[in-house]
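A.B. asks: For reference, the structure I am asking about is given below.
Derivation of every value follows stated rules applied to the coordinates shown; laboratory data play no part. Keep in mind the model is a prediction, meaning the values are calculated, not measured. Don't worry about glycine lacking a Cβ; one is built from the backbone with ideal geometry, like all the others, and counts go over all protein chains shown.
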């Protein structure tokens with residue numbers, strides 16, 4: 001297992017299989033790359049199944065045991081089942097999706113080795129959902145969640161980005177997962193540093209405080225030092241990376257963009273390393289270098305100045 005200079009073991013990877021998406025969510029940052037989405041047809045710059053599998057076979061050698069496939073919308077990849085089937089058996093596989101393609105396909109994903117899914121779900125009312133996602137696919141998403149549960153891809157984690165547009169729906173979503181077996185809720189802090197529009201931000205600590213008041217118990221996950229709140233039998237987890245040094249100090253993932261660039265930190269694009277047509281030996285060396293160069297974004301790459309504002313650490317200024 002590889003460990004960076006800050007004592008953080010790399011135990012998982014997050015691979016974007018495409019930047020194509022059939023939604024146009026107002027908060028999307030496309031894995032920190034910004035809005036790079038182009039035509040909906042497959043693009044030549046997307047990693048092939050062989051590229052993905054070659055990378056996974058290399059990082060398996062370094063003790064990586066978890067892989068999450070993301071997009072864009074990863075289920076736009078017609079070879080997704082092939083990628084899952086060819087992923088090393090030692091790895092736990094999960095998928096982040098908007099859910100629209102799960103009906104009719106969830107069972108095949110399960111048979112290919114997928115263990116669980118995260119489904120984006122920002123509202124429980126069709127009109128509100130459409131305003132946020134720029135999609136009229138609300139009913140299809142609900143069908144997709146049920147298809148995942150029926151296929152045994154549970155627990156299904158519902159991803160909800162918490163910002164001005166969705167804050168009023170949080171309570172209803174918490175009730176929803178408490179009342180429906182097999183569902184969990186992941187509340188994700190809006191990241192204005194990647195998406196712009198800082199006026200959409202809300203104080204995520206208020207959500208923590210509210211959940212702490214109503215929860216039956218609270219626990220911490222090692223990954224990112226995340227808090228989990230158990231409410232009426234439902235589990236609610238908050239992902240709150242903005243300005244959170246503890247979050248960054250407990251990050252154990254390396255990311256891969258749809259074009260095959262290794263990315264040590266979601267918030268940075270100055271650390272991208274292309275794999276291209278690298279041999280396994282070259283990928284091994286590049287992966288080692290990416291892990292070696294990983295630094296916590298908040299608390300190291302960015303530090304507080306005398307006015308308590310986040311500024312770039314001078315040691316990372318261009319030479």
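A.B. asks: Rounded to the nearest 500, what is the 222 nm mean residue ellipticity of the chain from helices alone, with -39500 (n - 2.57) per DSSP H run of 4+ residues and division by all residues?
C.D. replies: -8000 deg cm²/dmol
A.B. asks: Could you tell me whether segment 71-167 comes out rounded, prolate or oblate from its Cα gyration tensor? Rule is a ≥ b ≥ c as square roots of the eigenvalues, rounded for a/c under 1.5, then prolate if a/b exceeds b/c, otherwise oblate.
C.D. replies: It is prolate, given that a/c is not under 1.5 and a/b is the larger ratio.
A.B. asks: Under a plain spin-label model, where a point goes 7 Å from the Cα along Cα-to-Cβ, how far apart in nm are residue 115 and residue 171?
C.D. replies: Label at residue 115, label at residue 171, 3.7 nm between them.
A.B. asks: Relative contact order of the chain, please, whole-number percent, based on alpha carbon pairs below 8 angstrom and at least 6 residues apart.
C.D. replies: 19 percent
A.B. asks: Can you give me the distance in nm between label points at residue 293 and residue 277, each placed 7 Å from the Cα along the Cα-to-Cβ direction?
C.D. replies: 2.3 nm
A.B. asks: For segment 129-232, rounded, prolate or oblate, judged on the Cα gyration tensor with a ≥ b ≥ c (square roots of eigenvalues), a/c < 1.5 rounded, else prolate if a/b > b/c?
C.D. replies: oblate
A.B. asks: Between segment 304-319 and segment 130-204, how many Å separate their Cα centres?
C.D. replies: Taking the Cα centre of segment 130-204 as reference, the centre of segment 304-319 is 34 Å away.
A.B. asks: Label residue 269 and residue 306 with points 7 Å out from Cα along Cα→Cβ: what is the distance between them in nm?
C.D. replies: Modelled inter-label distance: 3.4 nm.
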